[in-house]
Amino acid sequence: MADRPLLSVRELAVEFRADTGTVRALDSVSLDLRPGRVLGVVGESGCGKSVTARAILRILDRNGAIVAGKILLDPGTTAEVDLTALNPESQAMRGVRGARVGLIFQEPMSALSMQYTVGNQLIEAIRAHNDPGKSVARQRAIELLRDAGIPRPETRVDAYPFQLSGGLRQRVGIALALAGDPDILIADEPTTALDVTTQAQILTLLRRLQRDKHIALMLITHDMGVIAQMADDMAVMYLGRVVEYAPVREVFHSPRHPYTRALLRSVPDLRATPRQRLATIGGAVPQPNARPSGCPFHPRCPEVILGRCDVAPPAPVPPGEAGASCFLLEDAV
Amino acid sequence: MLMYILRRLLLASITCVAISVLTFVIIRLPPGDFIDAYIANLASTGSSITADQAEAMRHDYGLDRPVIVQYFLWIARVVQGDFGVSMMWRRPVTEVIGDRLWLTMLVSFSALFLTWTIALPIGIYSAVKQYSVGDYIATMVGFLGLAIPNFLLALILMYFGFRYLGLSVGGLFSAEYAQEAWSWAKAWDLAKHVPLPACVLALAGTAQLIRIMRANLLDELRKPYVVTAKAKGIGNLRVILKYPVRAALNPFASSIAYVFPYLVSGSIIVSLVLGLPTVGPLLLQSLVAQDMYLAGTIVLLLGIMTVVGTLISDLLLMWIEPRLRLTGRL
């Protein structure tokens with residue numbers, strides 16, 4: 001883990017107010033985004049991957065709030081800013097969105113407004129920071145579309161999103177995220193809604209742009225294959241907690257957490273004997289308002305230590321280090 | 001796109017023809033005809049005409065011809081702007097409706113303007129700040145507005161306006177101007193009389209519109225494109241106005257169809273209570289008096305306004321909704 005991180009999330013906790021009471025969506029989440037590196041974030045639906053992304057940009061829904069922790073931009077430098085201390089509506093926070101941190105969305109169909117042209121939405125993003133004027137912005141929009149691998153960008157710039165295919169729309173989404181020239185990108189399941197061939201093309205594009213521009217990329221996915229192909233480091237999340245954090249190679253070769261092991265076992269293997277049943281994780285993700293006591297994974301954990309795992313949660317992964325949040329490892333030390 | 005417009009126009013004309021047939025049927029529905037009514041009228045004043053004279057009159061008016069022919073004679077005159085003579089007023093229908101039509105439209109447009117300028121901002125606020133104190137107040141006032149009958153509010157406002165503000169209430173003109181020719185003084189007098197009925201008419205519509213806008217916008221605010229726009233780093237207000245509000249306005253374009261006939265008729269009950277010289281009470285009177293040419297003209301006008309309103313809202317929707325414009329469907 002070379003290079004100083006551009007963004008460090010430290011012990012972040014987010015809660016949502018609901019009719020049934022408050023729901024803790026994130027609990028002591030720490031992670032680092034470093035220039036030129038890709039951090040893969042994996043986990044089942046509802047584990048807090050997207051909430052983390054939204055919390056970083058301070059665009060949580062109105063009923064959600066950051067209750068603890070820090071989000072440090074440029075940590076350790078004189079320019080260090082704690083984003084949790086900023087007003088989400090402030091000029092400073094708006095300057096972070098788009099210009100420092102770009103966001104790529106899951107749903108290319110609904111993430112773009114159908115009422116404005118691609119160019120209109122893209123030019124708006126370009127002019128939001130350091131407005132270069134209308135005609136220059138339009139030229140830049142065309143360049144961005146070309147960089148995102150869209151053929152005939154001069155005509156596509158005037159097309160409406162519903163006139164483009166899913167793959168092209170996701171390329172527009174990438175161009176949009178890059179419009180403010182950010183050095184950090186968060187891609188929230190960028191390929192989930194696409195077919196497999198398009199998925200591969202989009203991932204290749206993301207990888208190329210990320211390398212060329214030396215961007216720190218946070219790639220949120222539930223696809224282990226995507227992580228293996230793209231990421232340098234990975235964070236495994238379960239019910240709002242990071243349960244394992246390590247370089248990808250380490251995780252795939254020697255997973256530390258029982259949940260990570262279970263996830264890896266459930267990936268289909270081409271070399272498996274025909275008709276062999278795919279391994280699954282027993283049970284289902286608990287409702288967020290019915291969090292199990294202790295380690296949230298203990299009811300589904302095959303290696304649970306009763307009287308221990310169900311009493312208090314294990315210590316979170318130490319920030320900036322590789323490790324897992326599990327009593328098995330604490331005991332081993 | 002051109003095909004879409006042409007199809008709409010064709011459908012609109014067909015509907016208009018159907019409406020005219022229906023109107024004619026309504027005019028002809030009561031037993032007897034204009035001559036019978038005329039004879040009855042003469043009899044009541046003591047004079048009479050012979051059966052031969054009556055036949056001659058029927059022939060002059062074309063009433064002895066087959067119904068189909070009569071319809072075409074009637075519609076031919078209507079197309080030339082001759083709507084016949086009001087039996088009750090003994091004047092051409094166009095004259096009777098004339099001034100009232102403009103006054104009705106003035107009051108209705110004022111009410112509509114008031115409705116939109118009040119309801120849209122409050123509706124947007126209510127949705128963006130859902131479950132805030134302001135939202136609850138708007139909701140409460142909105143439901144009150146929906147629940148209070150218009151005529152009751154008209155009576156209450158008339159009382160307070162007269163008792164405490166010394167306003168001359170009722171009607172659209174003060175007594176001294178009612179029969180006057182148009183002048184600046186008369187126009188100013190009218191301007192002073194319009195706000196009260198406009199407020200009364202606007203109330204229920206405003207309450208309803210706040211609810212609709214709030215619901216529409218709440219749906220749109222949840223959509224991912226709002227997050228996309230926010231993530232660009234542009235201001236919150238601008239994001240909301242440019243994206244979700246724009247999308248939430250679409251249903252309003254469709255609602256124009258229902259507003260249009262209302263613009264012409266005004267509200268009958270409120271007009272009666274406030275003594276407004278609008279088209280609404282005229283329709284009521286003409287129906288009571290079986291003044292069929294007058295009633296028929298108003299009914300025809302309302303029907304055609306509905307068709308025109310629908311056509312306009314279709315075209316408007318096409319103009320503001322690119323998906324409809326370019327693909328012909330949503």
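The values are calculated or read from the model by the stated rules, or taken from the named source; none is laboratory data. Predicted model only: the values in this text are computed from it and were never measured. Cβ coordinates were reconstructed from backbone atoms using ideal geometry, including for glycine residues, and neighbour counts include every protein chain displayed.
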How many residues, within segment A:110-164, are more than 14 Å from chain B (Cβ to nearest Cβ) and assigned to a loop (DSSP other than H, G, I, E, B)?
8
Quick one: which residue in A:GLY307, A:GLY294 is assigned to a loop (DSSP other than H, G, I, E, B) and surrounded by 16 or more Cβ atoms within 10 Å (Cβ to Cβ)?
A:GLY294
For segment A:184-214, which residues satisfy the criterion of being of a type outside the set (Lys, Arg), surrounded by fewer than 24 Cβ atoms within 10 Å (Cβ to Cβ), more than 14 Å from chain B (Cβ to nearest Cβ) and not in a helix (DSSP H, G or I)?
A:LEU194, A:ASP195, A:HIS214
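Residues are listed down the side, and each one gets a yes or a no for (1) among the aromatic types (Phe, Trp, Tyr); (2) in contact with a strand residue (DSSP E or B) (Cβ under 8 Å, 6 or more places away or on another chain):
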residue: A:PRO190; (1), (2): no, yes
residue: A:ALA216; (1), (2): no, yes
residue: A:LEU219; (1), (2): no, yes
residue: A:ILE227; (1), (2): no, yes
residue: A:PHE252; (1), (2): yes, no
residue: A:ARG271; (1), (2): no, no
residue: A:PRO292; (1), (2): no, no
residue: A:PHE297; (1), (2): yes, yes
residue: A:CYS301; (1), (2): no, no
Condition met for A:GLY173 (within 13 Å of chain B (Cβ to nearest Cβ), in a loop (DSSP other than H, G, I, E, B) and buried (at least 17 other Cβ atoms within 10 Å of the Cβ))
no
When restricted to B:ASP60, B:ASP82, B:ASP52, the only residue among the acidic types (Asp, Glu), farther than 21 Å from B:GLN285 by Cβ and not in a helix (DSSP H, G or I) is B:ASP82
Need the failing condition index for A:ILE227 against (1) part of a helix (DSSP H, G or I); (2) closer than 24 Å to A:SER45 by Cα; (3) out of contact with any Ser or Thr (no Cβ under 9 Å at 6 or more places or on another chain), just the number.
(3)
Can you confirm whether segment B:125-132 contains a residue that is more than 30 Å from B:ALA247 (Cα to Cα), among the charged types (D, E, K, R) and in the same structural domain as B:LYS186 (by TED's automatic domain parsing)?
no
Mind checking whether some residue in segment B:33-55 is under 30 Å from B:THR306 (Cα atoms) and either in the same structural domain as B:ASP291 (by TED's automatic domain parsing) or not β-branched (Val, Ile, Thr) (or both)?
yes
Condition first: part of a helix (DSSP H, G or I), within 14 Å of chain A (Cβ to nearest Cβ) and surrounded by fewer than 19 Cβ atoms within 10 Å (Cβ to Cβ). Can you find one or more residues in segment B:286-309 that meet it?
no
Enumeration of residues in segment B:219-245 that are surrounded by fewer than 16 Cβ atoms within 10 Å (Cβ to Cβ) and away from chain A (no Cβ under 11 Å)
B:ASP219, B:LEU241
Kindly indicate which of B:ILE304, B:ILE269, B:ILE312, B:ILE256 is farther than 17 Å from B:MET88 by Cβ, in the same structural domain as B:ALA119 (by TED's automatic domain parsing), touching a Cys at 6+ places or on another chain (Cβ under 7 Å) and of a type in the set (A, V, I, L, M).
B:ILE304
Restrict the check to segment B:268-276 and report whether at least one residue is more than 14 Å from chain A (Cβ to nearest Cβ) and among the polar types (S, T, N, Q).
yes
Residue that is assigned to a loop (DSSP other than H, G, I, E, B) and either in the same structural domain as B:PRO195 (by TED's automatic domain parsing) or of a type in the set (A, V, I, L, M) (or both), where the choices are B:LEU165, B:LEU106:
B:LEU165
For the list (1) assigned by TED's automatic domain parsing to the domain that holds B:LEU282; (2) in contact with a Ser or Thr (Cβ under 6 Å, 6 or more places away or on another chain), I need the number of the one condition that B:PHE83 fails.
(1)
Going by the conditions given, is B:LEU315 touching a helix residue (DSSP H, G or I) at 6+ places or on another chain (Cβ under 8 Å), at pLDDT below 85, of a type in the set (A, V, I, L, M) and not in a loop (DSSP other than H, G, I, E, B)?
no
Conditions: (1) at pLDDT 95 or above; (2) within 14 Å of chain B (Cβ to nearest Cβ). A:GLU107 meets all but one. Number of the miss?
(1)
Check B:PRO261, B:PRO149 and return the single one that is under 29 Å from the mean Cα position of the chain (by Cα) and surrounded by 13 or more Cβ atoms within 10 Å (Cβ to Cβ).
B:PRO261
Tell me, yes or no, whether segment A:80-100 has at least one residue that is more than 11 Å from every other protein chain (Cβ to nearest Cβ), surrounded by 18 or more Cβ atoms within 10 Å (Cβ to Cβ) and under 18 Å from A:GLU15 (Cβ atoms).
yes
For the structure I just gave you, tell me whether B:THR117 is surrounded by 11 or more Cβ atoms within 10 Å (Cβ to Cβ) and in contact (Cβ under 8 Å) with a residue 40 or more places away in the chain.
no
Which pairs do you get when a residue that is away from chain A (no Cβ under 12 Å), found in segment B:246-257, comes within reach of a residue that is of a type in the set (Gly, Ala, Ser), reach meaning Cβ atoms under 7 angstrom, with the pair 6+ apart or on two chains?
B:ALA253/B:SER313; B:SER254/B:SER313; B:ILE256/B:GLY309; B:ILE256/B:SER313; B:ALA257/B:GLY309; B:ALA257/B:SER313
